[in-house]
Amino acid sequence: MKRITIYTILISFAIIIGSCGLKRKNPLDPQANPTIDIPKTIAELTIYTSSAGASSKYVELRWTANPSNNTDGYYIYRSLQYYGTYTRVDTTFTNSANHGSKPWHNVRAGEYWYKVSAFKDYSAGRLEGYACQPRWVNIP
């Protein structure tokens, strides 16, 4: 019994000491690589919708563009609830998007939550910043 306790303590100690020297291997980690710049959270998101009775529904989103040195594009997300699951519904390379302008967009009357995040392309991959606070919209 005493031998098992000693082995358990030694193994726990080895794990703790070994994990202290853990190297970061993520090439997009801004703490390990100072040349990586996380895209800023977008600001001033405004939303416009199609009018009541319009045959084709759409949601137009606009926001203040991020500096081009840390942003290459933006992802548009939509959910049915504020804390619900958000699905990426569009990608754009400007500071506006018209969700409903493409044949694969599915925009119907109802209440939705939209949010936008910026991304930056690096040779090691695409780094996405934090999404803005969700905005509610009612599509008539």
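The values are calculated or read from the model by the stated rules, or taken from the named source; none is laboratory data. Being a predicted model, the structure only gives us computed values, none of them experimental. Note: ideal-geometry Cβ built from the backbone for every residue, glycine included; neighbour counts use all protein chains shown.
Annotation note: Cβ proximity below 9 Å between a residue of region 129-140 that is touching a residue at least 40 places away in the same chain (Cβ under 8 Å) and under 17 Å from Asn95 (Cβ atoms) and a residue that is assigned to a loop (DSSP other than H, G, I, E, B) and of a type outside the set (Val, Ile, Thr) (sequence gap 6+ or interchain) occurs for Gly129/Pro39; Gly129/Lys40; Gly129/Asn66; Gly129/Asn70; Tyr130/Pro39; Tyr130/Lys40; Ala131/Tyr86.
For Ser51, the conditions (1) closer than 19 Å to Asn98 by Cα; (2) assigned to a loop (DSSP other than H, G, I, E, B); (3) of a type outside the set (A, V, I, L, M, F, W, C); (4) without any contact (Cβ under 8 Å) to a residue 40 or more places away in the chain all hold with the exception of (4).
Note on region 24-48: residues that are in a strand (DSSP E or B), more than 15 Å from Asn98 (Cα to Cα) and not acidic (Asp, Glu) total 1. Among strands (runs of 3 or more DSSP E) entirely within region 84-140, having at least 2 residues that are in contact with a Cys (Cβ under 9 Å, 6 or more places away or on another chain) and buried (at least 19 other Cβ atoms within 10 Å of the Cβ) singles out 110-122. Candidates in region 93-127 are the residues that are among the charged types (D, E, K, R) and modelled with pLDDT under 90; of these, the one that is nearest to Tyr58 (Cα to Cα) is Arg108.
The requirement of being in contact with a strand residue (DSSP E or B) (Cβ under 7 Å, 6 or more places away or on another chain), surrounded by 10 or more Cβ atoms within 10 Å (Cβ to Cβ) and at pLDDT below 75 is fulfilled nowhere in region 33-55; no residue meets it.
Among residues of region 75-92 that are under 15 Å from Tyr58 (Cα atoms), those with a Cβ under 7 angstrom from a residue that is among the small types (Gly, Ala, Ser) and surrounded by 15 or more Cβ atoms within 10 Å (Cβ to Cβ), sequence gap 6+ or separate chain, pair up as Ile76/Ala97; Tyr77/Ala131; Asp90/Ala97.
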